[in-house]
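Enquirer: So that we are looking at the same thing, I have put the structure below in structure tokens.
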Amino acid sequence: MSSPPTLSSLLTYQQRLHIDCCRCPHKLELTPEAAIATFGADMTFVRLRRILRCTECNARGRDREISVYPDINDYYAWCDRQKYAREVEKYGQAEADRWWNGRGANLLRQ
Ligand SMILES: [Zn+2]
């Protein structure tokens, strides 16, 4: 079995870290760099949730009242940037820009 993912994985896809309280509206959003500076690169998501406590309402992560997760939209944005770079290499800037500008429309197509 592979080891559980740590906060250092946020850097791989440039994902922000979200920490949401499930009992009150308190939410945090940290850049990967800020998350690692605050909690350490070797901190796992599972452990981080377990040790957190909401400063507004005292909800505890170890009671499953706090969610800790990487931003999935940041992951997709990273994938888009990678694809854009490949398109520039293969078809040139103009074609890549055409793809980039049309990629929102692709989301609506089935
Ligand atoms: Zn709270």
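Enquirer: Hey, got the dipole for the chain? About the Cα centre, +1 on K and R Cβ, -1 on D and E Cβ, debye to the nearest 20?
Expert: For the chain, the charge dipole is close to 380 debye.
Enquirer: Please list, by residue number, everything in the stretch 53-70 whose backbone N is under 12 Å from a paramagnetic label point 7 Å out along Cα→Cβ of THR38.
Expert: Zone members listed by number: 53-55, 68-69.
Enquirer: Quick one: order LYS83, LYS90 by neighbouring beta-carbon count within 10 Å, fewest to most.
Expert: With the sparsest Cβ surroundings first, the list reads LYS90, LYS83.
Enquirer: Using 0.36 nm per residue, how much length does the chain from HIS26 to ASN73 gain when fully extended, once their Cα-Cα distance is taken away?
Expert: Contour length minus the Cα-Cα distance gives 14.9 nm.
Enquirer: Taking the number of other C-beta atoms within 10 Å as the exposure measure, put VAL46, VAL68 in order starting with the fewest.
Expert: Fewest-to-most ranking of VAL46, VAL68: VAL46, VAL68.
Enquirer: Using DSSP to call loops (not H, G, I, E or B), can you name the GluC sites (Glu not before Pro) in the stretch 1-104 whose Cβ has at most 15 other Cβ atoms within 10 angstrom? Present the calculation step by step, with values, prior to reporting the outcome.
Expert: On the way: sites: GLU29, GLU33, GLU56, GLU65, GLU87, GLU89, GLU95; in loops: GLU56, GLU65.
Here the GluC sites (Glu not before Pro) that fit, given the DSSP loop and packing criteria, are GLU56.
Enquirer: Give me ILE51, ILE66, ILE36 ranked fewest to most by other Cβ atoms within 10 Å of their Cβ, as a rough exposure proxy. It would help to have the intermediate numbers written out before the result.
Expert: Working: ILE51 12, ILE66 23, ILE36 19.
Ranking ILE51, ILE66, ILE36 by Cβ neighbours within 10 Å, fewest first, gives ILE51, ILE36, ILE66.
Enquirer: Using the beta-carbon distance between ARG64 and GLN14 and R0 = 25 Å, what value does 1/(1 + (r/R0)^6) give for FRET efficiency, to the nearest 0.05?
Expert: My answer for the efficiency is 0.35.
Enquirer: Grab the DSSP H runs of the chain that are 4 residues or longer, score each as -39,500 (n - 2.57), total them, divide by all residues and round the 222 nm result to the nearest 500 deg cm²/dmol.
Expert: On the way: 5 runs with 53 residues, N = 110.
Computed ellipticity for the chain at 222 nm equals -14500 deg cm²/dmol.
Enquirer: Also, I was wondering about something else. What percent do you get for the relative contact order of the chain when only Cα pairs under 8 Å and 6+ apart count?
Expert: 26
Enquirer: Compute and list, largest first, the equivalent-ellipsoid semi-axes of the chain from the alpha carbon gyration tensor, each √(5λ) rounded to a whole angstrom.
Expert: Sorted largest first and rounded, they come to 35, 16, 11 Å.
Each reported figure results from applying straightforward, stated rules to the coordinates on display, with no laboratory input. The model shown is predicted, which means the values in this text are computed figures rather than measured ones. Because the Cβ atoms are built from the backbone with ideal geometry, glycine has one as well, and the counts that use them run over all protein chains shown.
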